[in-house]
Amino acid sequence: MSNQKSSLTVKDLVTIGIFSALFLILSLIGGAVLGSNPVTTFWMPLGGALLPGPAFLLLIAKVPKHGPIIILGIICAIIYFATGMHWTMPVAYLVCGVLADLVSSAGKFKNVWLNIVAYMIFALSLVPTYFMFFFARESYMSYMLQKGTDQEYLDAMVKAGQDWVLPVMIIGTLAVAFLSGLFGKKLLKKQFEKAGITA
Amino acid sequence: MKYIHTDPRTKLFVLLICAVAITISPSLYYEGGLVFVILLYGILSGKPKYSIIMAIIYGGLLGLAIISNFYLSGALRIMFTTFSDFIGKMFPCVMMGGILVGTTQASEFMAALNHMHIPKNVVVPVTVMLRYIPMIQEDWGYIKDSMKLRDVAPSLKGLIKNPSQTVECIYVPLMMAASKMADEISAAAVTRGIENPKPRTCVKQIHFCVQDIIVAVVFVGYFLTAFL
C-alpha cells in the first residue's frame, strides 16, 4: 500500500468516484426491494449482491492497481454510516475492502476469476449487521421488552430469524455474488474489451 | 428571509450526531423529536420544501406504526411495525444527508474536506460521486427512451420475456456512459489544475461563525437529552 499514493492518478480517482456512485445505486436498488420488507429483511444481502457485479469488475478492469477497492469500501462505509446503519456495516466494508484488494492483487488485478472472488468477499460486508441479531439476541430482546414491545411481536421475529438463516444467508450471498460476477465477466468480454474502454 | 449559512464541517458534525443519536435512541418519541429539530434546521438553511415533505412522510410512517399497534394483530401488525421501525431508523440521517447535499456546493464541500486534512485519494472520489449520482438518474431516462425505440421494453414484462437482452441493454449503455463521463471529468479537472501539489484555495471562504456554534450546541443539547 506504500506505493498507492504515487500510483493513483487523478483520472483513476475520478473513475473510482463515478463507479462507486454506480455501485452504490445498483446495490441500493437490489437491497432496498428486500430490505424494507420485514419478512424478507434477512435476505437483503442477497439482493444487494445481485446487481453491482459488472460495475465492480469494470472498475478493476479500468484501474488495475492497489487502491480502488479500498477506496470503494471507504466510500460505502461513509455513505452507510451517514444513512444511520448499524455501526457493524461500515466497519465490515472497510475490512472487506482491504481483503478484496489483497485477493485481487494476488492475480495482479488481471485475473478475472480472482476478481470475482474479490467481489464475493466484498459483497459479504452486508452480512455482519445480522450477527448482532443472532449473537446478541438476549440483550436485544430485553432491550425491546423494556421499550414496551410485547412478547407476541418478539416471538414472531424470532420465528422469522431461525438459526439456519445465517449460514444460508452467507452461502446465498456468495452464490448470488458469483452469478453477478459471471454476468459481469461475460459483459466485459463481449462488450467492453472490444470497445477498448478497459485499461 | 435570509437563510442561515453553515459551514459544511458543521453539517458533517450534525450528521455524525444524528447517526450516533439513532443508535442509542431510547424511544420512538426521541426519534420524532430529532426529525423535528432537523426539520427546523432544514427550513432555516434554505430547504423548506424538501424538509417539510420529508417530515410529513415521517409523520405518516409514525402514524402508521401507532395505528397498526392499536388496531391490528398477528402477522399484519408485525409487518407494519417492523417496516416503520426499519425506515424510521434510517430516516433522520437520510433527511439530514439530503439537506447537506442540497445546500452545499461541490467546491465548498471539497474545500471543507481539504481543511479537515482528509487525503486527496478519498476527497476526489467522494466529491465526484456526490455530483454523479443525480446524473445516473438522467442517464437512466435516456436509456429507457432509446430502449423503447429499439423495441426492448425496460419493464418487468420485458425482463421476464427476454431477460439477458434486456439486462444487457441496461448495463452496457449505463457503464459506457459512466466510463466516458470519467474521461471527460478527469480531463476537465486536470485543466483546472487539480494536480497542483499546492493546497487549493476556494472562492467561497469557509470558516466557523456564530450560527455554526448555535447549530452545533442545539444538536448536541438534544443529543444529551437521551441520557436524562
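Once the convex hull of the alpha carbons of the stretch B:109-191 is built, what does its volume come to per residue, in cubic angstrom?
Numbers: hull volume 9.3 nm³, N = 83.
In the stretch B:109-191, the Cα hull volume divided by residue count equals 113 Å³.
Based on the Cβ-Cβ distance of B:LEU228 and A:PHE131, what FRET efficiency does E = 1/(1 + (r/R0)^6) give at R0 = 35 Å, to the nearest 0.05?
0.65
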**OP:** Let me know the longest stretch in chain B that avoids all chymotrypsin sites (Phe, Trp or Tyr not before Pro) found in a DSSP loop with at most 14 other C-beta atoms within 10 Å.
**Re:** B:4-207
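Full extension from B:ILE57 to B:HIS207: what is 0.36 nm times the residue separation minus their Cα-Cα distance, to one decimal in nm?
50.6 nm
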Original post:
How many partner chain Cβ atoms sit within 10 Å of a residue's Cβ in peptide B:176-184, on average, as a whole number?
Top reply: 6
Subject >> Sites B:LEU159 and A:TRP113, calculated FRET efficiency, Cβ-Cβ separation with R0 41 Å, nearest 0.05 >> reply: 0.90
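Say R0 is 41 Å: what FRET efficiency, to the nearest 0.05, do B:THR23 and B:VAL190 get from their beta-carbon distance? Could you put the intermediate results ahead of the total?
Values: r = 41 Å, r/R0 = 1.01.
Using R0 = 41 Å, I get an efficiency of 0.50.
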**OP:** Measure out, as a whole number of angstrom, how far apart the alpha-carbon centroids of the stretch A:41-85 and the stretch B:1-66 sit.
**Re:** 27 Å
**OP:** Would you compute the Debye intensity of the stretch B:2-43 from its alpha-carbon atoms alone, equal scatterers and no solvent, and pass along log10 I(q)/I(0) at q = 0.25 Å⁻¹ to two decimals?
**Re:** -0.92
**OP:** List the lysines whose Cα lies under 23 Å from the Cα of B:LYS89, skipping any in the same chain that are fewer than 8 positions away.
**Re:** A:LYS147, A:LYS159, B:LYS11, B:LYS47, B:LYS49
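When you look at the Cβ of every residue in B:132-139, what mean number of other chain Cβ atoms sits within 10 Å?
Working: counts 8, 7, 1, 2, 6, 1, 0, 1.
That works out to 3 on average.
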Subject >> Residues of the stretch B:99-116 with amide N under 15 Å of a point placed 7 Å along Cα→Cβ from B:HIS5 >> reply: B:103-112
**OP:** Could you tell me the number of lysine pairs in the stretch B:109-191 with C-alpha atoms less than 21 Å from each other, where the two lysines are 8 or more residues apart or belong to different chains?
**Re:** 5
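Based on the alpha-carbon gyration tensor of chain B and its eigenvalue square roots a ≥ b ≥ c, which shape applies: rounded if a/c is under 1.5, prolate if not and a/b is larger than b/c, or oblate? Working shown, then result.
Working: a/c = 2.47, a/b = 1.06, b/c = 2.32.
Oblate, since a/c reaches 1.5 and b/c is not below a/b.
Shielding of A:64-71 by partners, i.e. mean partner chain Cβ atoms within 10 Å per residue?
What the average comes to for A:64-71 is 1.
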**OP:** Give the peptides A:106-114, A:74-82 in descending order of average Cβ contacts within 10 Å, highest first.
**Re:** A:74-82, A:106-114
Subject >> Per-residue [θ]222 nm for chain B (sum of -39500 (n - 2.57) over DSSP H runs n ≥ 4, rounded to 500) >> reply: -27000 deg cm²/dmol
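What percent do you get for the relative contact order of the stretch B:109-191 when only Cα pairs under 8 Å and 6+ apart count? Before the final figure, lay out each step's value.
Numbers: 28 pairs, mean separation 16.5, N = 83.
RCO, the stretch B:109-191: 20 percent.
Every number in this text was worked out from the coordinates using simple rules, so none of it is lab data. Just so you know, these numbers come straight off a predicted model, no measurement behind them. Cβ: placed from backbone, ideal geometry, glycine included. Neighbour counts: every protein chain shown.
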